[in-house]
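Read through the structure below, which is laid out as C-alpha cells, and then see the notes.
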Amino acid sequence: MLVNTVVFAPVQSVTRALKVLATINRSGLISVSELHRLTEIPKPTIVRFLQTLIAAGYVAHDKKTRGYHVTSAVAELSTGFHGAPAIIEVARPIATELTREIVWPCAVCTLDLDAVVVNYSTIANSPISPFHASLGRRLSLGGRALGRAYIFFCPDRERQILRNVMRESTDPENSEVDDAAFDQMLEKAHSVGYAERDHKLAPNNSNTIAFPIMAADRVVATFGVTYFRSAVKRTLDREQIINATRNAVDQIEKRCNLDRILVPPLTA
C-alpha cells in the first residue's frame, strides 16, 4: 500500500529570521551591516526582521551604539529543552539572588573546546550591567576570566590537552598565550582561588572575577561576576564581590552534592 507523503518546502522568511536571531544571540551587540556580512541577507530584509523581532520582544535596539542585542525573552525559547547540565539549573536561582544582593551581573559557563559558553546570565536582572547580552557567547580559555577559571583549575592532564588545543586555536586570545605567561597566571590563580580577565582585553572599563565549580578534582562549570572598574575602586568593595561570589559557588556545589555526581574520566 502506497502512502502519499506531502513534502512542504521551508518558509524562507522564517528560516532567515531565525538565522538573524541566532546571529544576534551569538554576537552580543551587532549592527545591520555586520548582520548583512554574516548572514548574506539583504539589509532591507534584515531591517524588517529586526522590526518584527523587536515587536515580539526578542530583540532590542541600543540607541547609543545603534546596535541590536537579544533580550532576556530569548531564554523562553529554550524552556522546553532539558539538555542543559543540571549544574546550570541549580546555579540559576543562586546567581539571580547574588545579583539581587550585589547588583552586578553573574554568568555560568561550561566548556566548549577552546572556550567556555555562557549558559546562563543575570544581565537582565542587573540595572548596571557592562554588557547588553551574553547568552551563548564563547569566552576564550586564554584571556577571559570564565575561561581561565576552567583551565587553571582543571586536572593537570586535562590542562595539558587544552593547552595544545589553545596553541592550535584560531582565536589569538588562546594561541598568543606563551607557556611562561600561562604558568605565571596559573600560579597566581591557584594562590587566590579565582581567575580574572586579561586587563588588556576589551571592554577595558570592566573586569570579571570567576571561580570554578568543582566536582571532586574536576571543573564542571565556571561562575563569574562582572563589574565596572570605576565603580569598584576600593579594595574592600572588591573583596566583598570576591567573597560573595565564592559563597555562591560554595552553595552551588553543596546543593548539587557534586561529590556524588559521576563525572566520566578523561580518555587518553
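The values are calculated or read from the model by the stated rules, or taken from the named source; none is laboratory data. All of these numbers come straight from a predicted model, not from anything done at the bench. Here the Cβ is made from the backbone with ideal geometry for all residues, glycine too, and neighbour counts use every protein chain on show.
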Considering residues that are of a type outside the set (Ser, Thr, Tyr), modelled with pLDDT under 90 and more than 17 Å from residue 128 (Cα to Cα), the number found within the stretch 232-246 is 2
State whether the residues of the stretch 193-205 include one that is more than 21 Å from residue 96 (Cα to Cα) and in contact with an Asp or Glu (Cβ under 9 Å, 6 or more places away or on another chain). yes
Take the conditions within 22 Å of residue 103 (Cβ to Cβ), in the same structural domain as residue 88 (by TED's automatic domain parsing), touching a helix residue (DSSP H, G or I) at 6+ places or on another chain (Cβ under 7 Å) and assigned to a helix (DSSP H, G or I) and apply them to residue 244. Does it pass? yes
Please give the number of the condition residue 176 fails out of (1) out of contact with any Gly (no Cβ under 8 Å at 6 or more places or on another chain); (2) touching a residue at least 24 places away in the same chain (Cβ under 8 Å). (1)
Answer yes or no: is there a residue in the stretch 98-114 that is in contact with a helix residue (DSSP H, G or I) (Cβ under 6 Å, 6 or more places away or on another chain) and among the acidic types (Asp, Glu). yes
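Which of the helices (runs of 4 or more DSSP H) contained wholly in the stretch 96-181 include at least 2 residues that are closer than 15 Å to residue 222 by Cα and in contact with a Leu (Cβ under 9 Å, 6 or more places away or on another chain)?
145-151
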Failed item, numbered, when residue 77 is tested on (1) in a loop (DSSP other than H, G, I, E, B); (2) modelled with pLDDT under 90; (3) of a type in the set (A, V, I, L, M): (1)
Residues satisfying the stated conditions in the stretch 49-74, i.e. assigned to a helix (DSSP H, G or I), at pLDDT 85 or above and buried (at least 19 other Cβ atoms within 10 Å of the Cβ): 49, 50, 53
Restricting attention to the stretch 28-48, which residues are out of contact with any helix residue (DSSP H, G or I) (no Cβ under 7 Å at 6 or more places or on another chain) and within 23 Å of residue 76 (Cβ to Cβ)? 28, 29, 48
